[in-house]
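Below is one structure, written out as structure tokens; comments come after it.
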Amino acid sequence: MELTQKKHQLVWHDWRSQLQHRITTVEGLREWINVSEDEEEAIKACVGKYRWSITPYYASLMDKNDAKCPIRQQAVPQMQEFASYLGASPDPVGDTYYRKTNRVVHKYPDRVILLVTEACAVYCRHCTRKYHTTDLEGTYFEKSEAASWEEDFNYIASHPEIRDVLLTGGDPLTYGDEKLELIISRLRNIPHVEIIRIGSRYPVLLPQRITTEFCQMLEKYHPIWLNTHFNHPSEITPEAAQACDRLLRHGVVVQNQTVLLKGINDDLETMRSLLTGLLKIRVRPYYLYHCDNVTGVSHFVTSVEKGREIMQGLLGHMTGFAVPQYIITTSLGKIPLWEEQFHQDQDGFWIENYKGETMRVTGLPD
Ligand code: SF4
């Protein structure tokens, strides 16, 4: 591969340099992979409709010749994004319905999400907030992203029931440390905010972002939790492992939320490999999300039966805390899709273990 002048200027371990050198053109992408006809057509179709960009780091994980490569499918546009699917919606989880201020979404009693930004390092093709992060026709922000934060902080400060704030977006770590510290310290000064969570895919898409300085900043504001988003075992690289290790060494609890994606991780072997790989880097699998039927994302949606079949192959066969909860996010909240082991019939309740052995349980209310 012949390197361009631009690629020569990239400082691989510098996250800002990686962001500056993000791939945003077909020509740039051709330096990493043999772009398929479908991918090229989709990139053209994205103009004026969807954002796309890929960090050089994430591009380096792609299979050069295989358009079905799980990394490629998550980052490179495909024409299926532009097909119509029954029931698809820009916001099936109800973020816009529950938004109380420009940035605060208050859906559950004791916690809120704070939409820090609409920007990301890589625009994942399967993003649940595709309308907010990649759709050029609009974002969730009623006002601009640069609008004052006072209304948002005031909302949280005036609701004493809020004990848990999740910084999300877009990806909050797109902001520099200084800006993030202003937000986090402000939240930490609200007495009833007990925990601060950060939802970020940077450990996967640009692990160089997790610098020691960043981790030292977070350490001042504990308890801080970080939920990240590994979807495939090939994302668990030495760089990603080091990023998670840095967070953990500074006391930040790191958990993982995987999205079940057709053609990427919807088989038992891949899922087991992902989950065991996460345990090896001390990241706890937390949720397995059923993919939401978001406009532009529907081609990644599997059947619920497929998800349950995978869960059947995990439960009991793996270390208990390696097995995530299989969840669907709806406008009513998160609903577990795994109730296989608990049944009721005319004689009462019975339970079933992973081998299919059953027993009656008594003492439970009808
Ligand atoms: S990093 Fe997260 S918010 Fe950004 S596009 Fe990917 S899934 Fe969506």
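FYI, it's all coordinate maths here, none of it is from the lab. None of these values were measured; they are calculated from a predicted model. Please note: Cβ atoms are built from the backbone with ideal geometry, for glycine as well, and neighbour counts cover all protein chains shown.
Express in whole angstrom the spacing between the alpha-carbon centres of the stretch 235-276 and the stretch 31-76.
Here the two parts' Cα centres lie 21 Å apart.
Pairs on different chains or at least eight residues apart, Cα atoms closer than 29 Å: how many lysine pairs in the stretch 220-366 fit?
Eligible lysine pairs with Cα atoms under 29 Å apart amount to 11.
Would you kindly compute the Cα radius of gyration of the stretch 242-359 and its largest Cα-Cα separation (Dmax), both in Å?
In order Rg, Dmax, the Cα atoms of the stretch 242-359 give 16.1, 54 Å.
What list of ³J(HN,Hα) values in whole Hz, one per residue of the stretch 76-87 in order, does the Karplus curve 6.51 cos²θ - 1.76 cosθ + 1.60 (θ = phi - 60°) give from phi, with Gly and Pro shown as x?
Result, rounded to whole Hz: 9, x, 10, 5, 4, 4, 9, 7, 9, 10, 4, x.
Which of the peptides 245-258, 148-161 is most tightly packed, and how do the rest follow, judged by the mean count of other Cβ atoms within 10 Å per residue? Spell out each step's value before the answer.
On the way: 245-258: 18.6, 148-161: 14.7.
Most protected by this proxy first, the peptides run 245-258, 148-161.
Work out the length of the dipole vector of the chain about its Cα centre, built from +1 on the beta-carbon of each Lys and Arg and -1 on the beta-carbon of each Asp and Glu, and round it to the nearest 20 debye. Before the final figure, lay out each step's value.
Numbers: 40 positive and 48 negative charges, 164 e Å.
About 780 debye.
Stokes-Einstein D for the chain at 20 °C, 1.002 mPa s, Kirkwood Rh over Cα pairs, in µm²/s?
On the way: Rh = 21.7 Å.
Answer from the Stokes-Einstein relation: 99 µm²/s.
Run through the stretch 173-243 and list the GluC sites (Glu not before Pro) located in a DSSP loop whose Cβ has at most 13 other Cβ atoms within 10 Å.
Passing sites in the stretch 173-243 are Glu194.
Calculate one ³J(HN,Hα) per residue across the stretch 27-34 by plugging θ = phi - 60° into the Karplus curve 6.51 cos²θ - 1.76 cosθ + 1.60, and present them in order as whole Hz with x for glycine and proline.
Result, rounded to whole Hz: 4, x, 5, 5, 6, 10, 9, 7.
Taking a quarter of the surface of the convex hull around the Cα atoms of the stretch 5-82, what do you get in nm²? Each step should come with its number before you reach the end.
Working: hull surface 20.4 nm².
Mean projected area of the Cα convex hull: 5.1 nm².
Sorted by packing (mean other beta-carbon atoms within 10 Å per residue), highest first, where do 324-336, 275-287, 118-130 land? Display every interim value, and only then the final one.
On the way: 324-336: 15.8, 275-287: 18.9, 118-130: 23.2.
Averaged packing, sorted descending, gives the order 118-130, 275-287, 324-336.
Check which residues have an amide H placed less than 5 Å from Ser89's amide H, if you skip close sequence neighbours.
Correct list: Val294, Thr295.
Restricting to Cα pairs below 8 Å that are 6+ residues apart, what does the relative contact order work out to for the chain? Please round to a whole percent.
Working: 663 pairs, mean separation 51.3, N = 366.
Dividing the mean separation by the residue count of the chain yields 14 percent.
When DSSP assigns beta bridges and you keep just the ones with both residues in the chain, what percent turn out antiparallel, to the nearest 5?
Antiparallel: roughly 40 percent of the beta bridges in the chain.
Per DSSP H run of at least 4 residues, take -39500 (n - 2.57); add these up for the chain, divide by its residues and hand me the 222 nm value, nearest 500 deg cm²/dmol. Show your work: numbers first, answer last.
Numbers: 15 runs with 112 residues, N = 366.
Calculated at 222 nm, the ellipticity per residue is -8000 deg cm²/dmol.
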